[in-house]
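The values are calculated or read from the model by the stated rules, or taken from the named source; none is laboratory data. Note that the coordinates shown come from a computational prediction; the quantities given were computed from them, not determined experimentally. Using ideal geometry, Cβ is built from the backbone for each residue, glycine included, and neighbour counts are taken over all protein chains shown. For the accessible areas, the whole protein counts, side chains as well, though only heavy atoms, and no ligand, DNA or RNA atoms are used. Shrake-Rupley method; radii C 1.70, N 1.55, O 1.52, S 1.80 Å.
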Amino acid sequence: MSEPSPLLSDDAEVRMRILRRDHDGATVAAIRAYGPELIGWLNGTLRSEADAHDAFSRMSEQLWRSLPSFDARCSVRAWCYMLARQAAARVRSGARHKHEVLVSQVPSLGMAVSAAWSTRSRAERQLNNVYAEIRRELDEDDQTLLVLRVDRKLEWRDIAQVILGEDATIEETTRSAAALRKQFERVKQRLKKLVAERIGE
């Protein structure tokens with residue numbers, strides 16, 4: 001019998017903690033499991049590391065707030081990406097909230113955020129290769145789609161949840177998943193063309 005994948009094990013651990021109502025522990029477990037890859041994604045999509053750090057802190061706070069009502073409509077990993085995407089949008093818009101001190105007020109959460117930030121993989125930080133530069137030329141939605149499907153290997157329904165947000169119905173995520181598959185094929189073709197053009201320069 002094959003071993004469960006680390007990602008499935010991480011998701012199961014977080015869900016178990018949620019069922020026990022250990023929301024602090026569930027948040028810390030999710031940040032420990034998915035923090036480095038989320039940070040890598042935020043670093044690649046935002047203008048500066050400071051903005052990425054801000055977005056990651058906001059995402060962590062919102063994760064802590066949302067886990068008590070998490071209904072398992074998608075994986076915990078996808079939920080984190082959805083929250084990170086929303087946090088990045090707030091950072092881009094310059095939106096500030098009065099109460100943005102939760103991470104520093106909850107010691108275990110603050111330590112988890114700091115640990116995830118300091119241990120993110122070198123590979124996630126090295127975005128200066130030709131492929132990464134080309135991907136940055138795509139619009140934000142296409143970049144997000146590529147990262148979630150190609151780099152993170154999320155299922156289509158999970159990707160739809162990330163894109164649509166927490167209020168999306170099951171029917172909406174099902175329809176969106178089908179549309180995203182088609183969009184993905186178009187993005188892949190465009191990316192191949194850009195790569196071919198860049199290599200030929």
Practice task
Write out, first by first residue and then by second, each pair whose Cβ atoms fall under 6 Å of each other, whose residues are 6+ apart or on separate chains, and whose first residue, in the stretch 40-53, is within 16 Å of D151 (Cβ to Cβ) and part of a helix (DSSP H, G or I) while the second is open to solvent by less than 30 Å² (accessible area, probe 1.4 Å) and β-branched (V, I, T).
Solution key: W41/V147
Practice task
Kindly establish whether S60 is modelled with pLDDT of 90 or more and farther than 21 Å from E155 by Cβ.
Solution key: yes
Practice task
Inspect the stretch 115-136 for any residue being in contact with a Pro (Cβ under 8 Å, 6 or more places away or on another chain), in a helix (DSSP H, G or I), open to solvent by less than 20 Å² (accessible area, probe 1.4 Å) and at pLDDT below 95 and give the result as yes or no.
Solution key: yes
Practice task
Among the candidates E166, E140, single out the residue that is under 17 Å from the mean Cα position of the chain (by Cα), surrounded by fewer than 17 Cβ atoms within 10 Å (Cβ to Cβ), modelled with pLDDT of 90 or more and on the phi < 0 side of the Ramachandran plot.
Solution key: E166
Completion exercise
If we ask which residues in the stretch 169-185 are touching a residue at least 60 places away in the same chain (Cβ under 8 Å) and either touching a Cys at 6+ places or on another chain (Cβ under 8 Å) or open to solvent by less than 80 Å² (accessible area, probe 1.4 Å) (or both), their number turns out to be 1
Problem - Out of W41, W79, sole residue that is at pLDDT below 90, within 14 Å of the chain's Cα centre (by Cα) and open to solvent by less than 20 Å² (accessible area, probe 1.4 Å) - result: W41
Fill in the blank from the handout: Cβ pairs under 8 Å, 6+ apart or interchain, first in the stretch 63-76 and assigned to a helix (DSSP H, G or I), second among the hydroxyl-bearing types (S, T, Y), ordered by first then second residue, are L63/T27; W64/T27; L67/T27; V76/Y34
Problem - Subset of the stretch 143-163 [crowded, with 17+ Cβ neighbours inside 10 Å and part of a loop (DSSP other than H, G, I, E, B)] - result: R152, L154
